[in-house]
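Inspection log for the structure reproduced underneath, given as structure tokens.
The values are calculated or read from the model by the stated rules, or taken from the named source; none is laboratory data. Just so you know, these numbers come straight off a predicted model, no measurement behind them. Ideal geometry is used to build each Cβ from the backbone, glycine not excepted, and the neighbour counts take in all protein chains shown. Just the protein is used for accessible areas: all its heavy atoms, side chains included, with ligands, DNA and RNA removed. Shrake-Rupley method; radii C 1.70, N 1.55, O 1.52, S 1.80 Å.
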Amino acid sequence: DFGRSSELAFVVEPSDDIAVQEQPLILYCQVEGIQPITITWRKNGVMIVDSENAFMLANGSLYVSRFQRVRGDGSSDEGEYDCMAQNHYGLVVSRKAKIQAATMSDFHIHPQNAVVEEGGVARFQCQIHGLPEPVILWHKNSIPVNTDNERYTLLPKGVLQITGLRAEDSGIFHCVATNIANVKFSREARLTVSGSHSTVYKDPMILVGPENLTLTVHQTAVLECIATGNPRPIVSWSRLDGRPIGVEGIQVLGTGNLMISDLTVQHSGIYVCAANKPGTRVRRTAQGSLVVQAPAEFVQHPQSISRPVGTTAIFTCVAQGEPPPQITWLRNGQILETSDHIKLKNNNSTLSIYGINQADEAIYQCLAENSAGSTQASARLTVLWADGLPSPPQAVRAETVSATTIQVSWEKPLQNTKEIIGYVLHIRKAADPVEMEYQEAVSKSTFQQLVTDLEPSTSYSFYIKAYTSRGASKASEVTVVSTLGEVPAMPSLFIKVINSTTVQATWEPSIKLGQHEGFKLYYRKVHLSQYTGPVLLASNITAYNITHLDASVVYEVKLLAYNQHGDGNSTVRFVSLRETVERTVLNPPCDCMKDEQNNKTSTTGIIIGIHIGVTCIIFCILFLMFGYRGRLLMCKNVQEQLSTPQIPRSQRSTTGLVLNGATRRDRDDRDLNGKQLDMNELERLFPASPSQEQQDKGITSAHSPSAPHDETQISTLPLDEFSIIEEQPLPKNPHGSSPAALAPDHGPANEG
């Protein structure tokens, strides 16, 4: 029962037909539904009045007593017929049935005489137009051709192929075309088979390739391909898109004709016939297109629905076919006109009726048509209306609060208010279609609603409905009000330095700016209070160059968008041209006229630079020597109280001198010469943290296995930077104590 209204629907609809001249014709139409039902017929949209030639039978079918393609008054019984059925629920219209007269023209292609050598291929063809498609048979010497002979192939389009010709195939051929309208004979053609089978090599050649065909699903397609050559070529078929042809419903007729039975849309494509020389890659090809059409059919039927007054009714009708069908909607048999509350969407697949009322109650039909056929489906809309529903809400008012907010208020209905369970506020932009409307529900005790998130400077329409458990009231009066205007948002601003006196301000157009008339640009030196500007720029401008600037100061650039409601917030950027000037000084432009003088100056500069570099190197070496010498003196004094083993001469490096901790004789020698150092001062000048000692180049800590708490300071330095001082015995201190005993105890040498 899909696509049918239970109150009124078709059981049998008229179908396409081919009528015979002067013969009767019956078009069937059967309807079911709630009586009484009235059936009428139309031809090409015009009502058919019962007459002697055409009248309606008791079962609703149309009877044409003597079908005539052309009558004496110039009229014709050919055309598109449909039947209409009506009862008090509505009216439905059947699909259109195309009625054509059976005809047959004269042959426009006759078979031609042919002389072919033995073993070759002969082909005869005749063509004739007719409705229905004529059946063509072949006669040889006035006797029907024996179709059991596998060398004889008859194709549906009037082609006769004879392969492997023999002498007995010679004769006179003609074709006979037959349909319900007539029988016709073609002219005769003689076939002569000459000579014996030739053994001379011939390249493969396609005599006739496939022609372009347009057929309907479930029909049969025959793609012709006949080839010659010596040796006899092998004929193969493929699709140009590379998809497989398949095997179901596929058959080869004769030596290479392709027949596809029970066509589907998937069989559409370009087919390639190839004639291949056996055992080689030598081939010849021909191609033809096959287009398979499919009549319109429904994937989703519209469904009958019941809806309360004031709500929305939606019907959906989805059809498929090849080519894609066009969808038309009817209301009680008449083409449906769209309006503010009746909308068609999704290529007419969806019918929406907003704010329905009792006048919208009807039978709605969906008609799907394409070049291969048409179909229809119907559904009924029932509008529910209950007695005692509330009257419309009263005194609807809307007041603008801000650029995005409107306050809507109303008063309760005058009648039947006890069963009200709430109100629904209907909102939409005044310029939008009805289907863009949205709703907000409000409790029954609330008589105002703050509508937010609206767009600035935009008109909105509002109306209210009161709802009960049995349905909704009629809509209140519609009120329209506009939101306040709003200044534009801040634009995005970017500054680019062009040169030492020019910067470029650029900004991006954005919908977030809202409605704006243009931009204002200001700039100033940061230490000044007065701006230069405004520079007024049109709304489509997105860049501006600021020139004649002072490279020695920082500038502030300000941009804002404005409209009739005022100036928006500004975007500020700071920019300095000093770096550009410095780069220009450091990289001056080339002055080719001064090349000779520059070359002389460059030579002098190079010589001076070399002398300066050598002097620096000498000073660095001296600094390193005196630095290491001072560190050596410190190491000798801080270890006065430690017994430091002497490193054997054999362990000294061949490339450097290994100096161990100072001996007592060294210290005594310095005491005698009045050169004892202040240890506190040495510690201040030369901090003695272990990590620093280890980080100095050329210094390594060596631990004695026999004395774990006694560490020896070892410095490895190049021989050519130091002289070796031979140790001499020193006299003892007159007070009977060594100099080390007078020095304070600073701990191990590695901590000094």
Residue ID - least open to solvent (accessible area, probe 1.4 Å), chosen from residues in the stretch 131-159 that are touching a residue at least 40 places away in the same chain (Cβ under 8 Å) and over 20 Å from MET259 (Cα atoms): PRO132
Of all residues making up the stretch 171-180, the number that are open to solvent by 40 Å² or more (accessible area, probe 1.4 Å) and outside any strand (DSSP E or B): 1
Flag if VAL481 is modelled with pLDDT of 85 or more, assigned to a strand (DSSP E or B) and in contact with a helix residue (DSSP H, G or I) (Cβ under 8 Å, 6 or more places away or on another chain): no
Close pairs from the stretch 25-42: first in the same structural domain as TYR81 (by the TED database), partner part of a loop (DSSP other than H, G, I, E, B) and aliphatic (A, V, I, L, M), Cβ under 6 Å, at least 6 apart: VAL31/ILE37; TRP41/ILE48
Residue among THR417, THR382, THR446 that is in contact (Cβ under 8 Å) with a residue 40 or more places away in the chain, assigned to a loop (DSSP other than H, G, I, E, B), outside the structural domain of THR350 (by the TED database) and open to solvent by 20 Å² or more (accessible area, probe 1.4 Å): THR417
Residue in the stretch 385-401 that is farthest from the chain's Cα centre (by Cα), counting only those that are buried (at least 22 other Cβ atoms within 10 Å of the Cβ) and not aliphatic (A, V, I, L, M): PRO390
Members of the stretch 198-214 found to be more than 18 Å from VAL116 (Cβ to Cβ) and open to solvent by less than 30 Å² (accessible area, probe 1.4 Å), listed by number: GLY209, PRO210, LEU213
Filtered residues of the stretch 89-140 (kept if more than 56 Å from the chain's Cα centre (by Cα) and of a type in the set (Val, Ile, Thr)): VAL115, VAL116
Residue match in the stretch 334-341 (condition: part of a strand (DSSP E or B), within 31 Å of the chain's Cα centre (by Cα), without any contact (Cβ under 8 Å) to a residue 40 or more places away in the chain and not assigned by the TED database to the domain that holds ASP17): no
Count - residues of the stretch 91-114 that are in contact with a Leu (Cβ under 8 Å, 6 or more places away or on another chain), open to solvent by 40 Å² or more (accessible area, probe 1.4 Å) and under 24 Å from THR255 (Cβ atoms): 1
Yes/no for ILE172 being farther than 18 Å from GLY229 by Cα and modelled with pLDDT of 95 or more: yes
Residue match in the stretch 262-270 (condition: assigned to a strand (DSSP E or B), crowded, with 19+ Cβ neighbours inside 10 Å and outside the structural domain of THR468 (by the TED database)): no
Top-ranked residue of the stretch 420-434 - restricted to ones that are part of a loop (DSSP other than H, G, I, E, B) and β-branched (Val, Ile, Thr), ranked as surrounded by the fewest Cβ atoms within 10 Å (Cβ to Cβ): ILE421
Residue under evaluation VAL299, criteria (1) outside any strand (DSSP E or B); (2) exposed (fewer than 13 other Cβ atoms within 10 Å of the Cβ), criterion not met: (1)
Pick from the stretch 46-64, criterion in a loop (DSSP other than H, G, I, E, B) and among the hydrophobic types (A, V, I, L, M, F, W, C), ranking: least open to solvent (accessible area, probe 1.4 Å): ILE48
The stretch 523-553, residues that are part of a strand (DSSP E or B), open to solvent by 40 Å² or more (accessible area, probe 1.4 Å) and modelled with pLDDT of 90 or more: TYR523, ARG524, LYS525, THR532, PRO534, LEU536, ALA543, TYR544, ASN545
When residues of the stretch 1-25 are limited to those that are among the acidic types (Asp, Glu) and over 46 Å from the mean Cα position of the chain (by Cα), the one modelled with the lowest pLDDT: GLU7
Subset of the stretch 350-363 that is hydroxyl-bearing (Ser, Thr, Tyr) and closer than 25 Å to GLN86 by Cα - its residue that is most open to solvent (accessible area, probe 1.4 Å): THR350
Single residue of THR255, THR285, THR311 found to be open to solvent by 60 Å² or more (accessible area, probe 1.4 Å), of a type in the set (Ser, Thr, Tyr) and touching a residue at least 60 places away in the same chain (Cβ under 8 Å): THR285
